[in-house]
Amino acid sequence: MGLWAAVHAERLGIEAMLVDAGRLGQGASGGVLGALMPYMPDRWDNKKQFQLEALVALETEIAVLEAATGLSAGYRRSSRLIPLPRPHLRKIALGHSRDAETNWRLGEHRFYWHVLDSPPASGWIEPASGESGFVHDTLAARVAPRSLIAVLASFLRQAKHVRLVEGLDIQSIDPDRCVAVTPGGVICFHRCILSAGHRSFPILDGLTPGRHSPLGQPVKGQAALLKADVDAGLPVIFRDGLYIVPHEGGLVAVGSTSENRFDDPLSTDDQLEDLLTAARMMTPALAGAEVIERWAGLRPKAIDRDPMVGAHPNYPQLIALTGGFKVSFGLAHRLAEAAVREALEIPSSFKLPQGFALSNHITVASHKT
Ligand SMILES: Cc1cc2nc3c(=O)[nH]c(=O)nc-3n(C[C@H](O)[C@H](O)[C@H](O)COP(=O)(O)OP(=O)(O)OC[C@H]3O[C@@H](n4cnc5c(N)ncnc54)[C@H](O)[C@@H]3O)c2cc1C
């Protein structure tokens, strides 16, 4: 999120400093999965419309940065398969297919929620997993998280207006004095965009008295990367929280757990092994595939589940940019643009859903115990 904000600052010619406590991409964004999953096409609202526009725009955004850096982000609109194990799920899927006809269109772009009797490609998903058929969603895509970070970081390393500072921990922010406090002294700012993943929440909590609940929490996730030598163009598979994401170079990512309680934020355990077992049953091509990495990270989940973006009601000079939870990669470029434009009081060509506003999350935290 912060890297995208810095990219937008650079494009707008704003003098900016991006400060990270460690190395760029060391947080939740530095994982292995990178699924870009659309919301369901039914019960359409401005949040779903915002995501649709963001998912479509991302393809061009990434192509522009890839051209500028000569690097690949491992992006592909690979589509998604969802097995339908029961007849009633097929009925629901047919309804969603009609919803997608109406809602999944943007200019010349059309995306579909096809309901199929059998998988579109053989040798990938286990045919028996879809006794009542398969959904084939043509909007879903994927990106390689670390490759995307490398593209963003490379673009910023050539920047004229943005300075990157790694290994500097922001200990506190004093918005009255417009300073960020670090072990090496203070950084003065005109505007500060706070994009510290889950660590944004305690900082914002400290600046927001009178709440009954914290503004957000970390939710642990575990995922793994396998060497499987399968076609990189195969669809992402999704079922009940299990993602199987084919990437370039014969790599396949499997995820993710969702843990509100955990002892060690960065370790992996049997919950990941269970996901791997489920993935191998769903996809015979993974049966003998070697696991080359097991990884865990902490997602930033805001109190109202949605992203948390925008100026603090008491401190307009402090702008939040966090709370991407499970859908950050498909939205970060747009959320960051909105945050930068709000910081500079430049109008945007698009409107953020009201539910994403920091002020909305503060209202929820003030009432919810
Ligand atoms: C297992 C797993 C699988 C996931 N899969 C997907 C997926 O398929 N698709 C998807 O869209 N999302 C997915 N997510 C969610 C996604 O990774 C996160 O929502 C997203 O990365 C959050 O980005 P962020 O920039 O807000 O936070 P982060 O990536 O955590 O970045 C925060 C940065 O702030 C820095 N920082 C923190 N505190 C300070 C401080 N005090 N001073 C200076 N710097 C600081 C950190 O060092 C870090 O670099 C997944 C998450 C996990 C854990």
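The values are calculated or read from the model by the stated rules, or taken from the named source; none is laboratory data. Everything numeric in this text was worked out from a predicted model, so none of it was measured. Here the Cβ positions follow ideal geometry from the backbone for every residue, glycine too, while neighbour counts run over all protein chains shown. Protein only, heavy atoms only, side chains kept; ligands, DNA and RNA dropped before computing areas. Shrake-Rupley method; radii C 1.70, N 1.55, O 1.52, S 1.80 Å.
Tabulated results
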item: Kirkwood-based Rg to Rh ratio, the chain, C-alpha trace; result: 0.97
item: On Cα atoms only, tilt of 328-344 relative to the major axis of the chain in degrees; result: 20 degrees
item: 30 Å Cα-Cα threshold exceeded, pairs from Lys227/Lys351; Lys326/Lys368; Lys91/Lys351; Lys48/Lys220; Lys91/Lys301; result: Lys227/Lys351; Lys91/Lys351; Lys91/Lys301
item: Most fluctuating residue given options Pro246, Pro316, Pro119, as computed from a GNM of the chain linking Cα atoms under 10 Å; result: Pro316
item: Where only alpha carbons of the range 9-80 are counted, the Rg and the Dmax (Å); result: 15.5, 42
item: Gyration tensor verdict on the range 75-114 (Cα atoms; rounded if a/c is under 1.5, prolate if a/b is larger than b/c, oblate otherwise); result: oblate
item: Volume per residue that the Cα convex hull of the range 115-199 spans, once the total is divided by residue count, Å³; result: 211 Å³
item: Surface/4 estimate of mean projected area, convex hull on alpha-carbon atoms of the range 241-310, nm²; result: 6.5 nm²
item: Cα centroid separation, the range 56-89 to the range 125-170 (Å); result: 9 Å
item: With all protein chains modelled, accessible area of His367 [1.4 Å, Å²]; result: 150 Å²
item: Extended-chain gain in nm, criterion 0.36 nm per residue less alpha-carbon gap, Thr60 and Thr277; result: 74.5 nm
item: Theoretical gain in end-to-end length, His367 to Gln49 [0.36 nm per residue, Cα-Cα removed]; result: 111.7 nm
item: Heavy-atom accessible surface of the chain: percent carbon and sulfur, 1.4 Å; result: 51 percent
item: CD proxy at 222 nm, helix term only [per DSSP H run n ≥ 4: -39500 (n - 2.57); per residue of the chain; nearest 500]; result: -9500 deg cm²/dmol
item: Solvent-free Debye scattering, log10 I(q)/I(0), computed from the Cα coordinates of the range 218-369 at q = 0.11, 0.13 Å⁻¹; result: -0.57, -0.73
item: Degrees between helix 145-157 axis and first principal axis of the chain (Cα, 0 to 90, nearest 10); result: 30 degrees
item: Accessible area expressed per residue, the chain, with surrounding protein chains retained (probe 1.4 Å, Å²); result: 45 Å²
item: Positive dipole terminus of the range 1-123, leading residue within Leu18, Ala73, Trp113 (C-beta point charges); result: Trp113
item: Cα coordinate range in the range 143-287, projected on the principal axes (Å, largest first); result: 59, 44, 23
item: Extension gain, Arg105 back to Val291 (0.36 nm per residue minus Cα-Cα distance, nm); result: 63.1 nm
item: Solvent-accessible ranking of Glu66, Glu290, largest area first, probe 1.4 Å; result: Glu290, Glu66
item: Point-charge dipole on Cβ atoms (K/R +1, D/E -1) for the range 251-322, about Cα centre, debye to 20; result: 320 debye
item: Degrees separating the helix 46-69 axis from the principal Cα axis of the chain, which is the longest one; result: 80 degrees
